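Down below is the structure, laid out as structure tokens.
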Amino acid sequence: MSAILYIARKQVKNTVLQLIRHPARLIAVLASAALVFWMLFAMPAQPGRKMDFTVLQSGFLVWLLALGTITALSSLDSGMSLFRMSDVNLLFVSPVSPKNILAFGLVRQTGKTFAGFAFLLFYSGMLINTFGITAADVVVLLLGTALFLVVVQMLALLLYCIANRGPVQRAAVKAGILAVPLLFALFVLSRAGREPSLTGIIRIGASPILDGFPVVGWTRGGVFALIGGHPAGAALYAALTAAFLALVLFLFLKSDADYYEDVLGHAEKMFELRRNAKGNRRLAAGTFRRRKAGKTGIGAGWGASAFFYKHLREARRNSRFALVGGSTVLLLLVNFGMAFVMTLIGRSNAQPATPDAILLTGCGLSVYLLFFQTAGGDWSRELEKPYLYLVPEAPFPKLFWAGLSTVLKPAVDGVVAFSALCAVLRANPFMALACMLVYAAFGFLFTAGSVLSRRVLGGVPNRGLVMMLSLLLLLLVTAPGAAGTWGLVFLLKTPSAGAAPLLAALPLVCWNLLASLLLFYGCRNLLSSFEN
């Protein structure tokens, strides 16, 4: 046990030293922590009518269902390894009990989960003012989410071992995972009637009957029992969750899966995935399904522009249409789901949302989600390859062409998604065109922001508090363009008629494009040295 404690102390010490040796990263973390502290404890509460508390209860349940389902499904493809190759090479060859090693992995994974969800504290001010809860209640929501994910990750580890026994077991496990959100949906729809309204669905989603469902319901029930001042109920739900976690651990340790080969050996596979991701390569043949060979060679480009055509060729490995792929489908699902929800809201209100308002709301939601998708584009993987620095071209053209596919991807996604949504809603085509331009401009800005973060912080802000601080700074950059757009909206007599939406969006679009180009040019020396 002393060896495990030694490793834990050294890992914490090395993390702190890494922050101290990178002042820019330390400043970003401290600034993010200060902003979170201000939102939790110093941000003044806004007077006014608060939203129904059942909205928070139902929303939290949907959040847990989505988070748990995605985590469990991803474990079937990649597993849920709690250890790295350094642990396999050093820790597992030491005379330490496997149970102590597993406990160490769980504790460390818990810490990573809490750190990864720390960015949710940025929403504390909105939750406090919207639902009238306290800062302590926000922390309880965050802790409940993190602890729920720890239980799901451990369950995913057991499911991965079961699914690896054969295709029948794999199909059964996948069906069981998908059955969980389906059961919740069927319960809500069965209670909602033939013409469901959003108010009725929210009320049913907050029903205490759902708190009896294992893990998801128990987590929701325990969190809101604690928020409501019922510690006995919270303790009961916590005890049920702890007993379930103990049962999962017992089944895992008693399973016939080889502890080292089937579980810890997966750390080697994850190591290979990370290493090959730097070169944008797959694992060895046989690890994934065989793909048909299509066209080979870059086919176009000269000098720095060859990087862009190389990315297009690589994109066709996963999609026949290159820039149209999984992110396009996700954007379509998000926008049509949002349109469905706003339609339900319209049934409960005297003034339902217009098609143009639905398009505009979908654009805002899509821009927000785009920030979390942009950080790991083709340009970030290209930076790990030495030949990008060796090509005899100026740094700025190389950086621009290496990031062009990441910039164009949101533009193509926006054209497909907002065209489809406009056709279904029969909205103003100029409003759809404005949404396309705004979405593409923000895609360019977020890519430029990721390049700036790489230049200043030495990495992409893809997790934790620094990610949200980066988002806030980028939104401040767009403030002049947004001010120009709002000014035109107030000047136009009918801002949603005819070509007025397109005209009003032009200041924001042009400003974002100009700011993105300036950020790219300011970070042009990123490729002057491989050490950057």
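General observations
- Close pairs from the stretch 393-417: first touching a residue at least 24 places away in the same chain (Cβ under 8 Å) and closer than 18 Å to Gly449 by Cβ, partner acidic (Asp, Glu) and crowded, with 20+ Cβ neighbours inside 10 Å, Cβ under 8 Å, at least 6 apart: Ala402/Asp378; Ala402/Glu382; Gly403/Asp378; Ser405/Asp378; Thr406/Asp378
- Each residue in the stretch 214-241 was checked for being of a type in the set (A, V, I, L, M, F, W, C) and closer than 15 Å to Thr54 by Cα, and 4 pass.
- The set of residues in the stretch 219-237 that are on the phi < 0 side of the Ramachandran plot and without any contact (Cβ under 8 Å) to a residue 24 or more places away in the chain comprises Gly221, Ala225, Gly228, His230, Pro231, Ala232, Gly233, Ala234, Ala235, Leu236.
- The stretch 354-385, subset surrounded by fewer than 17 Cβ atoms within 10 Å (Cβ to Cβ) and not in a helix (DSSP H, G or I), residue modelled with the highest pLDDT: Thr354
- Of all positions in the stretch 129-143, at least one carries a residue that is under 13 Å from Phe60 (Cα atoms) and β-branched (Val, Ile, Thr).
- Restricting the search to helices (runs of 4 or more DSSP H) fully inside the stretch 386-461 and requiring at least 3 residues that are touching a Pro at 6+ places or on another chain (Cβ under 8 Å) gives 429-457.
- Within the option set Leu474, Leu526, being in contact with a Leu (Cβ under 7 Å, 6 or more places away or on another chain), assigned to a helix (DSSP H, G or I), more than 16 Å from Gly364 (Cα to Cα) and not hydroxyl-bearing (Ser, Thr, Tyr) holds for one residue only, Leu526.
- Taken as a whole, the structure leaves Ile133 outside the set of residues that are modelled with pLDDT under 80 and either over 15 Å from Leu65 (Cβ atoms) or exposed (fewer than 15 other Cβ atoms within 10 Å of the Cβ) (or both).
- Test result for Phe250, among the aromatic types (Phe, Trp, Tyr), out of contact with any His (no Cβ under 6 Å at 6 or more places or on another chain) and loosely packed, with under 15 Cβ neighbours inside 10 Å: yes
The values are calculated or read from the model by the stated rules, or taken from the named source; none is laboratory data. Just so you know, these numbers come straight off a predicted model, no measurement behind them. Methodologically, a virtual Cβ is constructed for each residue, glycine included, from the backbone with ideal geometry; neighbour enumeration extends over all protein chains shown.
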